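J.: I'd like to ask you about the structure that follows.
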Amino acid sequence: MSYVHHFFESHPVHTPSIHPEEVAKFNAAGLELSDYYLAYQNYSVLQNPFRKFPYYSAVNVDGTCFHKLKRDTIFEGSERWEKDARIPEETQWGKALYDAEKYDFDKGHMAKREDVQWGTDVEAARLAAKSTFYYTNAIPQVSKLNRGVWKSIENYILHHEAVKDSMKICLFSGPAFREDDPEFLKTVNDEKVRLPYLFWKVVYYVHNNELHRAGFLTSQKRLMQKKRIVKPVSRSEGARSTQFNSFKDAETYQVNVSFIEQISQLTFEAAAETFQSDAPEKIILSRVNVRNSSGNESVNMEEIVKNMNLKL
């Protein structure tokens with residue numbers, strides 16, 4: 001079963017709607033928007049055929065029937081990523097991008113493998129997890145971002161809230177496609193590739209019979225530049241994106257969902273928000289033991305979320 005908007009029964013959560021200018025692109029190209037809404041098991045993806053990455057993933061998470069599985073048990077043999085045959089090959093990046101020279105990034109799942117890993121039995125959970133290994137569900141992410149605090153936020157929401165408290169949540173994740181997205185250093189199949197640098201998450205949950213939502217944002221722009229994955233940005237080009245210059249790479253921020261709507265050109269289901277601030281707030285506190293991505297240190301996510309007033 002793909003993403004369902006009535007997952008909370010009395011509190012429907014529809015998928016985000018894209019900006020009219022994006023809809024116009026589909027019409028101008030003679031494409032049907034509905035053809036690029038791809039249903040998988042426990043989640044769905046809306047693919048952007050012009051940038052060849054997903055606009056977003058939409059995930060239902062049922063903590064009441066989550067099954068813990070190791071990654072190496074998902075496949076019968078080695079891990080396999082595939083293009084989705086339901087849409088044209090040329091509307092999705094694939095192996096050629098991730099095998100390219102100067103490649104130094106992960107296949108960043110938008111729908112996290114473990115988030116969909118639930119069902120009536122272990123086999124259903126395994127098949128759902130396997131369905132996340134499509135290129136339509138991935139965007140290049142520098143490892144420090146993909147495996148760092150961003151991952152810790154994901155794990156906290158899944159394991160400490162949804163699974164521990166047997167909760168249901170709806171989770172949306174995606175990039176902000178921007179005009180100043182940097183260009184990958186190498187062409188792929190003789191095409192230029194612009195790599196998103198801003199990533200967001202919006203989580204919905206029901207508390208006291210009221211629908212709530214919370215938003216998170218992170219960036220990898222300078223990390224890509226530091227690793228020389230993307231072409232250098234001139235001083236004048238960098239000056240044009242001052243709105244996000246204060247964001248430190250690989251750190252995660254709690255933001256109002258309206259802020260995510262502004263930068264992503266998406267519209268989300270209305271809901272109550274505990275976090276009330278006009279400015280992004282960094283989810284790294286001086287008294288919290290936040291560790292680096294080497295795996296030698298840990299992140300106290302319970303303390304972080306408590307101090308960020310995130311009530312799930």
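The values are calculated or read from the model by the stated rules, or taken from the named source; none is laboratory data. Just so it is clear, the model here is predicted, and its values are computed rather than measured. As a convention, Cβ positions derive from the backbone with ideal geometry for all residues, glycine included, and neighbour counts pool all protein chains shown.
J.: Taking the conditions exactly as written (at pLDDT 85 or above, within 24 Å of Gly174 (Cβ to Cβ), surrounded by 14 or more Cβ atoms within 10 Å (Cβ to Cβ) and in contact with a helix residue (DSSP H, G or I) (Cβ under 7 Å, 6 or more places away or on another chain)), does Gln225 satisfy them or not?
T.: Considered against the rule, which asks whether it is at pLDDT 85 or above, within 24 Å of Gly174 (Cβ to Cβ), surrounded by 14 or more Cβ atoms within 10 Å (Cβ to Cβ) and in contact with a helix residue (DSSP H, G or I) (Cβ under 7 Å, 6 or more places away or on another chain), Gln225 comes out as no.
J.: Okay, moving on. Modelled with pLDDT of 95 or more, crowded, with 20+ Cβ neighbours inside 10 Å, among the β-branched types (Val, Ile, Thr) and under 25 Å from Val193 (Cα atoms), is that true of Val45?
T.: On the way: modelled with pLDDT of 95 or more: yes; crowded, with 20+ Cβ neighbours inside 10 Å: yes; among the β-branched types (Val, Ile, Thr): yes; under 25 Å from Val193 (Cα atoms): yes.
Against the criterion (modelled with pLDDT of 95 or more, crowded, with 20+ Cβ neighbours inside 10 Å, among the β-branched types (Val, Ile, Thr) and under 25 Å from Val193 (Cα atoms)), Val45 qualifies.
J.: Among the numbered conditions (1) surrounded by 11 or more Cβ atoms within 10 Å (Cβ to Cβ); (2) modelled with pLDDT under 90, tell me where Ser286 comes up short.
T.: (1)
J.: Still on this model: So which strands (runs of 3 or more DSSP E) stay within region 1-111 end to end and still have 1 or more residues that are within 16 Å of Ile139 (Cα to Cα) and more than 22 Å from the chain's Cα centre (by Cα)?
T.: none
J.: Farther than 30 Å from Glu101 by Cβ and at pLDDT below 75: which single residue out of Asn307, Asn245, Asn292, Asn256 fits that description?
T.: Result of the check over Asn307, Asn245, Asn292, Asn256: Asn307.
J.: Are there any pairs, at least 6 apart or on different chains, whose C-beta atoms fall under 6 Å, with the first in region 1-22 and touching a residue at least 60 places away in the same chain (Cβ under 8 Å) and closer than 17 Å to Glu210 by Cβ and the second hydroxyl-bearing (Ser, Thr, Tyr) and crowded, with 17+ Cβ neighbours inside 10 Å, and if so, which?
T.: Listed pairs, sorted by first residue: Val13/Tyr204.
J.: Tell me the residue from Thr120, Thr91 that is free of Cβ contacts under 8 Å to residues at least 60 places away in the same chain and either buried (at least 16 other Cβ atoms within 10 Å of the Cβ) or farther than 15 Å from Met1 by Cβ (or both), please.
T.: None of the other options fit; the residue is Thr91.
J.: Looking at this structure, is Glu269 touching a Pro at 6+ places or on another chain (Cβ under 8 Å), at pLDDT 90 or above and either among the charged types (D, E, K, R) or within 30 Å of Tyr103 (Cα to Cα) (or both)?
T.: Yes; evaluated as a whole, the condition is true for this residue.
J.: Could I ask something else about it? Does Asp165 count as charged (D, E, K, R), in a loop (DSSP other than H, G, I, E, B) and free of Cβ contacts under 8 Å to residues at least 60 places away in the same chain?
T.: Values: charged (D, E, K, R): yes; in a loop (DSSP other than H, G, I, E, B): yes; free of Cβ contacts under 8 Å to residues at least 60 places away in the same chain: no.
Taking the combined requirement at face value, the residue does not satisfy it.
J.: Say we look at region 196-205 and pick out the residues that are under 11 Å from Phe172 (Cβ atoms) and among the aromatic types (Phe, Trp, Tyr); which of these is surrounded by the fewest Cβ atoms within 10 Å (Cβ to Cβ)?
T.: The qualifying residue surrounded by the fewest Cβ atoms within 10 Å (Cβ to Cβ) is Tyr204.
J.: Another one. What number of residues in region 189-222 are more than 23 Å from the chain's Cα centre (by Cα) and either outside any loop (DSSP other than H, G, I, E, B) or of a type in the set (A, V, I, L, M) (or both)?
T.: Number satisfying all stated conditions: 3.
J.: Okay, next question. For Arg213, only one of the following conditions fails: (1) more than 28 Å from Glu273 (Cα to Cα); (2) modelled with pLDDT of 90 or more. What is its number?
T.: (1)
J.: Still on this structure: Hey, does region 49-59 have a residue that's at pLDDT 95 or above, of a type in the set (Phe, Trp, Tyr), out of contact with any Gly (no Cβ under 7 Å at 6 or more places or on another chain) and under 25 Å from His6 (Cβ atoms)?
T.: The answer is no; no qualifying residue exists.
J.: Let me ask you something else. Got a number for residues in region 117-140 being outside any helix (DSSP H, G or I) and under 17 Å from the mean Cα position of the chain (by Cα)?
T.: Adding up the residues that qualify gives 8.
J.: Only one of Asn189, Asn208 is over 28 Å from Leu97 (Cα atoms), modelled with pLDDT of 90 or more and surrounded by fewer than 20 Cβ atoms within 10 Å (Cβ to Cβ). Can you tell me which? Explain how you work it out, then say what you get.
T.: Working: Asn189 fails: over 28 Å from Leu97 (Cα atoms).
One residue alone meets the criteria, Asn208.
J.: Scan region 184-198 and report the pairs whose first residue is free of Cβ contacts under 8 Å to residues at least 24 places away in the same chain and whose second residue is surrounded by 12 or more Cβ atoms within 10 Å (Cβ to Cβ) and assigned to a loop (DSSP other than H, G, I, E, B), with Cβ atoms within less than 8 Å and a gap of 6+ or a chain change.
T.: What qualifies is Thr187/Val193.
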